[in-house]
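Worksheet: the structure to be examined is printed underneath.
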Amino acid sequence: MKTLRLACLLFAAPIGVLNAQAVRGRLVEAGTDVAVVGALVLLQDSAGKRLAQAVSGSEGRFSIKAPAPGAYLLRVLRIGYLPVDSTVRLAEG
């Protein structure tokens with residue numbers, strides 16, 4: 001089973017709507033720069049509830065809108081790869 005890596009690990013940027021923010025990143029195979037296409041990227045709260053999701057594109061890039069500042073779990077799933085979990089903390093502003 002291959003391993004995923006979050007490159008440019010998460011860029012959070014304000015998107016201007018009710019303090020919502022975007023979590024952006026790029027998925028590549030660990031140890032390479034090969035993009036992982038078609039991975040499911042989930043944004044979950046501390047209870048594990050799915051708040052948003054995206055699918056990585058042709059360059060492995062994804063963008064997810066977070067509902068508000070706070071701590072979230074970012075989970076990445078793709079057939080043939082081990083799952084990846086990362087904690088994301090988004091500040092106001």
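Values quoted throughout were computed directly from the atomic coordinates according to the rules given, and no laboratory measurement underlies them. Remember, it's a predicted structure, so these values are computed and weren't measured experimentally. Cβ placement follows ideal geometry from the backbone for every residue including glycine, while neighbour counts extend to all protein chains displayed.
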Normalised alpha carbon radius of gyration of the stretch 27-76 [divisor 2.2 N^0.38 Å]: 1.23
With R₀ set to 35 angstrom, the calculated FRET efficiency between the beta-carbons of residue 34 and residue 89, to the nearest 0.05, is 0.75
Label-point separation (nm) for residue 47 and residue 24, each offset 7 Å from Cα along Cα-to-Cβ? 3.2 nm
